Amino acid sequence: MKYGIIGAMDLETKLLIEEMQNVTEFQIAGMHFYEGRLSNAEAVVVTSGVGKVNAAACAQILVTKFNVQALINTGVSGALHHDLEVGDIVISTDCMEHDVDVTVFGYKYGIIPRLESSVFIADNELVEKAYAAGVLEITDHKVLKGRIVSGDQFVSSIEKKSFLVENFEAFTTEMEGAAIAHVATINQIPFVIIRAMSDKADGSAHVSFDEFAVESAHHSSKMVINMLK
């Protein structure tokens, strides 16, 4: 199995790249792809940039150019579920794009017209491996499985947080995971999204994000390393 591993920001991929061996670097569409071995597995690690378009373009390049057979997205996100605190981990059971809104035509929020399914189901084997790696690595925080939603916005208000919980039953929100899940699904390859909570998506991010993002990203990266082992 050859894995494509995506982080949106350098802080989400730095540790992974440092741990790689026999690395060859490629630059495509302004992104740097590092191909080599990680935890004795074939892998390509890349920083996509923030947002759904960057993430989707990156994921498709990994599939088309590098022939990866599974996609893993690692990084940080905002906690939505009432049981989640900063530092906790969410592993995707499925993903949706919360900023898709064609409700004027009678669709529910997040439904993409003419697509077979707008709920992108994570690969169960990858989910279980990620969960086992999380339980092993994260001893001072919770590791949960649940829905991850993505949109091209940094969620930082109680009103938006409540909207995502009520309409999507989402555990956490960020800006890339569902786009990667979408690309994986239409290419018929397995995926999993791993997210460490950097803030609570409630307006306190200006206080907590800078303080906790690096530590949270480190936890998420260590999970990926242990998962590949």
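Derivation of every value follows stated rules applied to the coordinates shown; laboratory data play no part. Computed from a predicted structure; not experimentally measured. FYI the Cβ positions are ideal-geometry reconstructions off the backbone, even for glycines, and counts take in every protein chain you see.
Each eigenvalue of the Cα gyration tensor of the chain, multiplied by 5 and square-rooted, gives one semi-axis; in descending order these are 26, 21, 15 Å.
Going from the fewest other Cβ atoms within 10 Å to the most, the residues 120, 191, 33, 163 appear in the order 163, 33, 120, 191. Fully extending the segment from residue 103 to residue 53, taken as 0.36 nm per residue of separation minus the present Cα-Cα distance, adds 15.8 nm. Separation of region 119-185 from region 36-88 is 12 Å, based on Cα centroids. What's the longest uninterrupted piece of the chain once you rule out the GluC sites (Glu not before Pro) that are loop residues per DSSP with at most 15 other Cβ within 10 Å? Answer - 1-84. Distance between the modelled labels on residue 40 and residue 229, one decimal in nanometres: 1.1 nm (7 Å Cα→Cβ projection).
Modelled this way, with points 7 Å down the Cα-to-C-beta line, the labels at residue 67 and residue 218 are 3.8 nm from one another. Computed over the chain, relative contact order equals 28 percent, with contacts defined as Cα pairs under 8 Å that lie 6+ residues apart. A crude spin-label estimate for the pair residue 1 and residue 112, with each label 7 Å from Cα along the Cβ direction, gives 2.3 nm.
The slack between residue 85 and residue 119, meaning 0.36 nm per residue of separation minus the straight C-alpha distance, is 9.7 nm. Within the chain, the selection of entire DSSP H helices by a Cα span of 27 Å or greater along the long axis and an average Kyte-Doolittle value of at least 0.0 returns 205-228.
Full extension of the chain between residue 188 and residue 136 yields a length gain of 15.8 nm, computed as 0.36 nm times the residue separation minus the alpha carbon distance.
Would you mind working out the magnitude of the charge dipole of region 2-228 relative to its Cα centre, with +1 at each Lys and Arg C-beta and -1 at each Asp and Glu C-beta, to the nearest 20 Debye? Walk me through the numbers on the way to the answer.
Numbers: 16 positive and 31 negative charges, 109 e Å.
Here region 2-228 has a charge dipole of around 520 debye.
Please arrange 148, 158 by how many other C-beta atoms lie within 10 Å of their C-beta, fewest to most. Spell out each step's value before the answer.
Details: 148 30, 158 11.
Neighbour counts put them in this order, fewest first: 158, 148.
Of the residues 164, 138, 71, the one whose Cα sits farthest toward the positive end of the charge dipole of region 62-179, with +1 on the Cβ of Lys and Arg and -1 on the Cβ of Asp and Glu, is 71. Look at the alpha carbon pairs under 8 Å that are at least 6 residues apart: their mean separation over the length of region 1-102 gives a relative contact order of 33 percent. Ranked by how many other Cβ atoms sit within 10 Å of their own Cβ, fewest first, the residues 15, 38 fall in the order 15, 38.
Counting other Cβ atoms within 10 Å of each Cβ, which trypsin sites (Lys or Arg not before Pro) in region 58-132 have at most 16 and sit in a DSSP loop? Counting only loop positions with at most 16 other Cβ atoms within 10 Å, the trypsin sites (Lys or Arg not before Pro) in region 58-132 are 65, 108, 114. For region 36-127, the Kirkwood hydrodynamic radius comes to 15.9 Å, computed from all pairs of different C-alpha atoms.
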